[in-house]
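To start, the structure under review is shown below, and the notes come after it.
Read the figures in this text as sums done on the coordinates, not as results from a lab. Nothing here was measured: the structure is a model prediction, and the numbers come from that model. Every residue, glycine as well, gets a Cβ built from its backbone with ideal geometry; the counts of neighbours run over all protein chains shown.
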Amino acid sequence: GNSVTQMEGPVTLSEEAFLTINCTYTATGYPSLFWYVQYPGEGLQLLLKATKADDKGSNKGFEATYRKETTSFHLEKGSVQVSDSAVYFCALRLIQGAQKLVFGQGTRLTINP
Amino acid sequence: DSGVTQTPKHLITATGQRVTLRCSPRSGDLSVYWYQQSLDQGLQFLIQYYNGEERAKGNILERFSAQQFPDLHSELNLSSLELGDSALYFCASSGVSGNTGELFFGEGSRLTVL
């Protein structure tokens, strides 16, 4: 079936460290891929997206590249900040025209000063 | 602020009871989605409505039902509640134009079943 697998957390890093959160997917056809972020006490919000192979999504210093050959969409940031502490969700959209998202399990990230 | 409003924010009830969660989508958004977030299951898609009609159904139990009203707000009804129904229930909405895939989420309704 269609699914998203994320790197298990929690992940704890020091400020200014390099971040990678792995995400791989299984899907029929060619899905669009997304990273959503959930800050404490809030709902999810879109961080970045990519709609076709080799697209790179970027926002707030985060980047992710849609890799069709490895069915991956890993999230990276060169230098994390305490304010990046949150839960990160990788997701795919299955059906063109319908916007149902399938989410991964989420990865909790904590950044220590 | 996403523009999506959910009420109540917190709800504590007993097993066997029935509750209703309410969602007001962003102004102009026709689609409403309900998701359940629990520690062991992650974010599970429950159901989607588009302009009052059911569009897609996910892992929604028969004890749960939803509807979208003419003013586009939506309600999720949970009945015969069990301990395992304790979770954070999110509503999200999306617009008509552009298949951007972006959903706008409310802050959630936390349900505790005792």
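Within the range B:11-41, can you find the residues that are touching a Leu at 6+ places or on another chain (Cβ under 9 Å) and under 17 Å from A:GLN38 (Cβ atoms)?
If the condition is that a residue be touching a Leu at 6+ places or on another chain (Cβ under 9 Å) and under 17 Å from A:GLN38 (Cβ atoms), then B:TYR33, B:TRP34, B:TYR35, B:GLN36, B:GLN37, B:SER38 are the ones that fit.
Checking the structure you have, find out if any residue of the range B:49-71 is of a type in the set (Lys, Arg) and facing another protein chain (nearest Cβ under 10 Å).
yes
Checking the condition over 20 Å from A:TYR36 (Cα atoms), buried (at least 20 other Cβ atoms within 10 Å of the Cβ) and not basic (Lys, Arg), which residue from B:SER94, B:SER74, B:SER80 passes?
None of the other options fit; the residue is B:SER74.
Report the residue count in the range A:1-45 for those that are of a type in the set (Phe, Trp, Tyr), in a strand (DSSP E or B) and closer than 17 Å to A:GLU63 by Cβ.
So the count comes out to 3.
In this structure, is B:ASN59 surrounded by fewer than 14 Cβ atoms within 10 Å (Cβ to Cβ), within 19 Å of A:GLN105 (Cα to Cα) and touching a strand residue (DSSP E or B) at 6+ places or on another chain (Cβ under 8 Å)?
Yes.
Could you grab me the full set of residues in the range A:46-73 that are assigned to a loop (DSSP other than H, G, I, E, B) and more than 14 Å from chain B (Cβ to nearest Cβ)?
A:ALA53, A:ASP54, A:LYS60, A:GLY61, A:LYS68, A:GLU69, A:THR70, A:THR71
Among strands (runs of 3 or more DSSP E) lying entirely in the range B:10-114, which contain 3 or more residues that are farther than 25 Å from A:LEU92 by Cβ?
Result: B:10-13, B:19-24, B:74-78, B:109-113.
Search the range A:34-45 for residues being surrounded by 19 or more Cβ atoms within 10 Å (Cβ to Cβ) and facing another protein chain (nearest Cβ under 9 Å), and hand back the single one that is farthest from the chain's Cα centre (by Cα).
Per the stated criteria, the residue is A:GLY43.
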